[in-house]
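The values are calculated or read from the model by the stated rules, or taken from the named source; none is laboratory data. What you see is a predicted model, and the numbers here were worked out from it, not measured in a lab. Note: ideal-geometry Cβ built from the backbone for every residue, glycine included; neighbour counts use all protein chains shown.
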Amino acid sequence: MALKEEGMIRTVFWQDDAVGMIDQKALPLEERYLVLRKWEDVASAIRDLTVRGAPAIGVAAALGIALGMRSLPSSPDRDLADSFERICNAFARTRPTAVNLFWAIERMKRRFRAAMAEEPGVSGPDRFAVIREALLREAVAIHDEDIAANRAMGLHGRVLLEDGDGVLTHCNAGALATAGYGTALGVIRAAHEEGKRLTVYVDETRPVLQGARLTAWELMKEGIPAILITDNMAASLMKRGAIRKVITGADRIAANGDAANKIGTYGVAVLAEAHGIPFSIAAPLSTVDPATPDGDAIPIEERDPSEVTTLAGRRIAPEGIAVCNPAFDVTPARLIAAIVTEAGIARPPYGKSLAVLHAAKAQSPR
């Protein structure tokens, strides 16, 4: 499997009746690819951060559901529906915060219901073949549409960055967090491709170091100038004038524009406001959850304490110490200057502007 396809890092994809993905836990020391032939292994890969990033999680879940249905024997409709629901529920339990996961599962459910209704006169193995092929086409479409959305985001969002800017990003919102190209890094990548000279400041992003391990690796692969910093250096660099813009991704955006992203993002947004620096988010509209009114309603995943007490497999904290390890925090909409989507750039008030973009996306052909 090639690392790049048409100049793009491949994160998660369908290949040879299996789900392929780059093992993000092995980066940056080893570029290792996994071929997962069981849907349970895809679910585990989402849960243990082998694949991570809200859009990539959604794509992986869709492909995993398609894989699971292909592994089932032909069965009566009721048994088939029960098996499908069981697989979907297993994926829904993997990560609670990233709304793209639930968006992708719901989209696969709609396609399953439609496929069940499309061929009422077909029965047995032929009917099952029609259904499973419909699900695979839908999962591949989710993959392809994600890449197209990311490229559109880059084209819309590049106007936010100026030649000579120092840009801070937090966690990883690049090709590795999506099916390809990236959200926040997609905006940076598009500006770079346009010829703008940028320097990207990469927060290391404790406790799992997605910035140091993944974003830094991606930017070096792309030849985009980057400087790795520890999380507590951002304020000093902002005061010095080295950082002029901040852009991150998001795992769930509430209807009012409050946005959940990797823990530490809220602190970066507060620092940006204190220094008069615009803080922006890039995320597909599938990350916007109209059913979540505000940030207080976003569930925040609490992860294993060992992520905090160990580093690279070595313990760095005393035995028995109590640990708090929320994976995400919520940045209030009032701190967000712009939200870049594939349908355009939303500005405050987000309750209105995001709804307008949703409506425009719904009216456009897929």
Practice item. Can you tell me which residue within region 305-348, out of those that are touching a residue at least 40 places away in the same chain (Cβ under 8 Å) and charged (D, E, K, R), is nearest to residue 171 (Cα to Cα)? Key: 329
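Working only within region 176-197, note down all residues that are in a loop (DSSP other than H, G, I, E, B) and farther than 20 Å from residue 269 by Cβ.
Taking region 176-197 and keeping what is in a loop (DSSP other than H, G, I, E, B), we get 178-181, 183, 194-197.
Those that are in a loop (DSSP other than H, G, I, E, B) and farther than 20 Å from residue 269 by Cβ: 178, 179, 180, 181, 194, 195, 196, 197.
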Check your understanding: Say we look at region 188-215 and pick out the residues that are more than 20 Å from residue 283 (Cα to Cα) and of a type in the set (A, V, I, L, M); which of these is surrounded by the most Cβ atoms within 10 Å (Cβ to Cβ)?
Key -> 208
**Study point:** Yes/no for residue 231 being under 19 Å from residue 270 (Cα atoms) and in contact with a Cys (Cβ under 9 Å, 6 or more places away or on another chain)
**Key:** no
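Given the criteria assigned to a helix (DSSP H, G or I) and modelled with pLDDT of 95 or more, does residue 168 qualify? Show your work before the answer.
Working: assigned to a helix (DSSP H, G or I): no; modelled with pLDDT of 95 or more: yes.
Here the answer is no, as residue 168 does not meet what is asked.
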Check your understanding: When you look at residue 351, is it farther than 21 Å from residue 206 by Cα, modelled with pLDDT of 95 or more, assigned to a loop (DSSP other than H, G, I, E, B) and assigned by TED's automatic domain parsing to the domain that holds residue 230, yes or no?
Key -> no
Practice item. Could you grab me the full set of residues in region 10-50 that are among the hydrophobic types (A, V, I, L, M, F, W, C) and touching a helix residue (DSSP H, G or I) at 6+ places or on another chain (Cβ under 6 Å)? Key: 12, 14, 19, 27, 36, 39, 42, 43, 46
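Looking at this structure, is residue 285 under 20 Å from residue 206 (Cα atoms) and either in contact (Cβ under 8 Å) with a residue 60 or more places away in the chain or of a type in the set (A, V, I, L, M) (or both)?
Here the answer is no, as residue 285 does not meet what is asked.
Restricting to region 286-342, give me the number of residues that are charged (D, E, K, R), in contact with a Pro (Cβ under 9 Å, 6 or more places away or on another chain) and not in a loop (DSSP other than H, G, I, E, B). So that I can check it myself, show each step before the final result.
First pass over region 286-342, keeping only residues charged (D, E, K, R): 289, 294, 296, 301-304, 307, 314-315, 319, 329, 334, 342.
Retained after the next criterion (residues that are in contact with a Pro (Cβ under 9 Å, 6 or more places away or on another chain)): 294, 301-303, 307, 334, 342.
This time we only want the ones that are not in a loop (DSSP other than H, G, I, E, B), so: 302, 307, 334.
Residues flagged as charged (D, E, K, R), in contact with a Pro (Cβ under 9 Å, 6 or more places away or on another chain) and not in a loop (DSSP other than H, G, I, E, B) within region 286-342 amount to 3.
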Practice item. From the list 115, 98, 104, 139, pick out the single residue that is among the small types (Gly, Ala, Ser), surrounded by fewer than 24 Cβ atoms within 10 Å (Cβ to Cβ) and outside the structural domain of residue 205 (by TED's automatic domain parsing). Key: 115
Revision key, fill the gap. The condition from (1) of a type outside the set (Val, Ile, Thr); (2) surrounded by fewer than 20 Cβ atoms within 10 Å (Cβ to Cβ); (3) under 15 Å from residue 250 (Cα atoms) that residue 182 misses is numbered (2)
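Here is a yes/no grid of residues against (1) part of a helix (DSSP H, G or I); (2) surrounded by fewer than 24 Cβ atoms within 10 Å (Cβ to Cβ); (3) modelled with pLDDT of 95 or more; (4) in the same structural domain as residue 187 (by TED's automatic domain parsing):
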position: 238; (1), (2), (3), (4): yes, yes, yes, yes
position: 242; (1), (2), (3), (4): no, yes, yes, yes
position: 250; (1), (2), (3), (4): no, no, yes, yes
position: 268; (1), (2), (3), (4): yes, no, yes, yes
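May I ask you to verify whether residue 259 is farther than 16 Å from residue 200 by Cβ and touching a strand residue (DSSP E or B) at 6+ places or on another chain (Cβ under 8 Å)?
Taking the combined requirement at face value, the residue satisfies it.
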